[in-house]
1. Please go through (1) more than 14 Å from chain A (Cβ to nearest Cβ); (2) surrounded by fewer than 17 Cβ atoms within 10 Å (Cβ to Cβ); (3) modelled with pLDDT under 90 for B:Ala225 and return the number of the only condition it doesn't satisfy.
2. Identify the residue in the range A:241-260 that is open to solvent by 10 Å² or more (accessible area, probe 1.4 Å) and of a type in the set (A, V, I, L, M, F, W, C) and, among all such residues, is farthest from the other protein chains (Cβ to nearest Cβ).
3. Please go through the range A:351-404 and give me each residue that is more than 13 Å from A:Phe415 (Cβ to Cβ), within 8 Å of chain B (Cβ to nearest Cβ) and either assigned to a helix (DSSP H, G or I) or among the charged types (D, E, K, R) (or both), ordered by number.
4. Can you tell me which residue is nearest to the other protein chains (Cβ to nearest Cβ) among those in the range B:228-251 that are open to solvent by 40 Å² or more (accessible area, probe 1.4 Å) and among the hydrophobic types (A, V, I, L, M, F, W, C)?
5. So how many residues does the range A:312-337 have that are open to solvent by 30 Å² or more (accessible area, probe 1.4 Å), part of a loop (DSSP other than H, G, I, E, B) and not small (Gly, Ala, Ser)?
6. If the Cβ limit is 6 Å and pairs must be 6+ apart or interchain, which residue in the range A:21-32 that is under 16 Å from A:Lys510 (Cα atoms) and modelled with pLDDT of 85 or more pairs with which residue that is open to solvent by less than 70 Å² (accessible area, probe 1.4 Å) and not in a loop (DSSP other than H, G, I, E, B)?
7. Could you check the range A:479-507 and list, in sequence order, the residues that are free of Cβ contacts under 8 Å to residues at least 60 places away in the same chain and open to solvent by 30 Å² or more (accessible area, probe 1.4 Å)?
8. Answer yes or no as to whether A:Leu290 is under 21 Å from A:Tyr487 (Cα atoms), within 14 Å of chain B (Cβ to nearest Cβ) and open to solvent by less than 10 Å² (accessible area, probe 1.4 Å).
Amino acid sequence: MKQFPLRAALLATAVCIAPIAHAETPADTLVVAAQIDDIISLDPAQSFEFSGNDVDNNLYDRLVDFDPLDQNAGIKPSLAEGWEVTDGGKTITLTMRDGVKFHSGNPVRAEDAAWSLQRAVKLNKSPAFILNQFGFTPANVDQMITADGNKIILKLDQPYAQSFVLNCLASNVASVVDKETVIANAEGEDFGNAWLSTNDAGSGPYKLATWRPNEAVQFTANDEYWQGAPTMKRVIVRHVQESSAQRLLLEQGDIDVARNLTPTDVEGLAGNDALTVGTEPKGRILYMGLSQKDPILSKPEVVEAMKYLVDYAGMEGSFLKGQWKTHQNFLPEGYLGASEDNPWTYDIEKASQILTDAGITSGTVKTVVRDIREYIDVAQTLQGAMAQVGLTLEIQQMTGAQVLDAYRARQVPIFIGEWGPDYADPNTNASTFAYNPNNADDAKLSQLAWRNSWAVPDDMNKATIAATLEGDTDKRIQMYQDIQQEYREIAPIIPLFQKIEQVGIQKNVKNWTTGGAVSSVFYRQVTKE
Amino acid sequence: MTREWLLTDAPQTRRQARLGALYQGWLTFRANRLAVLGLVILVLLLLIAAFAPWISPQNPFAQDLADRLKPPSAQHWLGTDALGRDILSRLIHGSRVTLFIVGTVALIAPVIGLFIGTVAGFAGGWVDQVLMRVTDIFLAFPKLILALAFVAALGPSIANAVLALAVTSWPAYARLARAETLTIRNADYIAAARLQGAGPLRLLIGHIWPLCVSSLIVRVALDMAGIILSAAGLGFLGLGAQPPTPEWGAMISDGRTYILDFWWVAAMPGMAIFVVSLAFNFLGDGLRDVLDPKGGRE
């Protein structure tokens, strides 16, 4: 309700400000419109928001990284030019690349990389757990992560899979910061956190020009960049809240990329020859959690039938069009070990048969759904399908906070919502969908399996742990395939769709990427024709 | 029963007098064309609600994702919504919800108000003080905000929406009833009744309530539109009827995402709310002409 005046005002401003003639952005400048009001801090040890990571991804380099133009190829060397696993998998030694410089002109040393990781662990902000899962703590990290000449040595508490460690080292929290610059700007014991929140001390392809919260982020190219100077000399990310305003700016040529278009606005771009729509799968999964506390939903036959009561194709082709695609596995496309098997289709008769065979002909489930249009629509579609097999679904709409509170207390019979991976390794999803070490009510775990009161079978729990310790990447992939195979058969937490990000782009902009499912946006490879 | 018999100046029986008064009221009401229009619309609404399952062309809950957001056509007279459901059928079934909400609130709120107002006015003293301060407290909150708070606390559902609306709309009636009571309670005929030995309860129920009722009815009829809008507002915010109940406010809320490209999804229930609210307002105006003794019936 409150959006309408705002929208109208924005439209009005956009119309007034925009020049009448078709304006073009400069050839060496990329202008992006996005919702960036979620940025809290630009410190890579603290940033855990989409927009903040988008900024950091271009200011900093990591020891290893994804190729912006081929994320599916997996981890590539970056500041580290090579690595070696010794001590039965408990030690990883990375060799630093020579001749790379920070924006300050200081050389990038192993000492900087080690200190950056130690700093993230010691600061212990939201993303620190990504590193801490290897056994680092603020107390021991100085011994576990050390620099020796041009080598950085990581000692792990378990022989973790090399791919697991490297995938985590590619995440934003493991960005390499300029030790000398940050220490010079530290206040007290904050490791420069306050200063780094609004400044950059990286070696990445772009330098931070300005960040004005809720307004804009500006980048200037780092012409000394070790992988070659970026073509776009300036990148400007403007905060534009409304989809319709972003679309208007794009159509007028005031921006090159619009990142938050609604499906309706994306469709509206179809007739425009100067524009195109870019589509990339992202990591988020829309899933349906069936609480195993519910007397009806805990029956395996009901779980099985529910998989056939979701109108996957119908929803994908209608109200989820262009935003979500059918995906029935907990690892999103783009992840190591992801599976593309989507065995279930919408089949009322089959569901009805399964239920009749099990002697279930009626039942009522009351659930709460977050008051987001898509979730409500998914829930109502499910409600319609369930009604056809004699199951009554009562829906109560609630705010996100209310639903989350109930979910954390294991009181949501059918949860419909999203899960976003925390880092680019399959363990981020496996450890929440397919792992539940303690199904007791008072365990208060954060795993989705726990929240849905699902006692994950012992062998699956063990397989999930074992997969983090498998050194051979091919074997590890197979292990995740196997876990997902079994998961599909028995799990009551059913992945339904994977997020797709659609952006509106000027046709002359090439090589744009939002980082796919595993990473954040990259600007350095973008060119204009 | 002829017209002359009804309109005579010298009725022979009580019954004749009552019927005569009613008939005169009807004549006054009928003279107000808009009021008659309002009445006709509301009678139609009642009929639609009563016969909803028989007259609605399709199942209001039947979804067809392939046929969503279709403009009005021969098959779907008012188009289809985001899940491919027939909007006309949903509107027809929704009339039941609307009437239920309005009817229940209109039964609860004025009764509470009448009771509290007349007791306060008749008893006076500290009873009056206490009851009226409570009323003041309720009046100090914006109605819809208070209703929102109630529903949020009780959990969203139609029953709670009705309760919240009733709880928030009685104070106005209490004020009205108290004011009426204050003017009546020292009248000669009350004194006469009291001299004949009538107790306070009898005076209240037998002599004061009947005189307060007419002004309350007028007020209720005029408030109906407001109640419909408040109920729709709660539905719009997701705090009233829960899906898939075709409540009109919730239907508008469903349609707002598509308002630029698929206007009918929100516009059709909007029209329904508009027409029914208008009808209640017309009816209220007409009833005021008839029932308000202080109105201009020279």
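The values are calculated or read from the model by the stated rules, or taken from the named source; none is laboratory data. This structure is a prediction, so every number in the text was calculated from the model and none was measured. Using ideal geometry, Cβ is built from the backbone for each residue, glycine included, and neighbour counts are taken over all protein chains shown. We work out accessible area using only protein heavy atoms, side chains counted, and drop any ligands, DNA or RNA first. Shrake-Rupley method; radii C 1.70, N 1.55, O 1.52, S 1.80 Å.
1. If we test B:Ala225 against (1) more than 14 Å from chain A (Cβ to nearest Cβ); (2) surrounded by fewer than 17 Cβ atoms within 10 Å (Cβ to Cβ); (3) modelled with pLDDT under 90, just (2) comes out false.
2. If we take residues in the range A:241-260 being open to solvent by 10 Å² or more (accessible area, probe 1.4 Å) and of a type in the set (A, V, I, L, M, F, W, C), then A:Leu249 is farthest from the other protein chains (Cβ to nearest Cβ).
3. Answer for the range A:351-404, where residues must be more than 13 Å from A:Phe415 (Cβ to Cβ), within 8 Å of chain B (Cβ to nearest Cβ) and either assigned to a helix (DSSP H, G or I) or among the charged types (D, E, K, R) (or both): A:Asp371, A:Arg373, A:Ile376, A:Asp377, A:Gln380, A:Thr381, A:Gln383, A:Gly384, A:Ala387, A:Glu394.
4. Filtering the range B:228-251 for residues that are open to solvent by 40 Å² or more (accessible area, probe 1.4 Å) and among the hydrophobic types (A, V, I, L, M, F, W, C), the one nearest to the other protein chains (Cβ to nearest Cβ) comes out as B:Leu237.
5. Here the count works out to 3.
6. A:Thr25/A:Val31; A:Ala27/A:Lys528; A:Leu30/A:Val235; A:Val31/A:Ile236; A:Val32/A:Val237; A:Val32/A:Val257
7. Hits for the range A:479-507 are A:Asp482, A:Glu486, A:Glu489.
8. no
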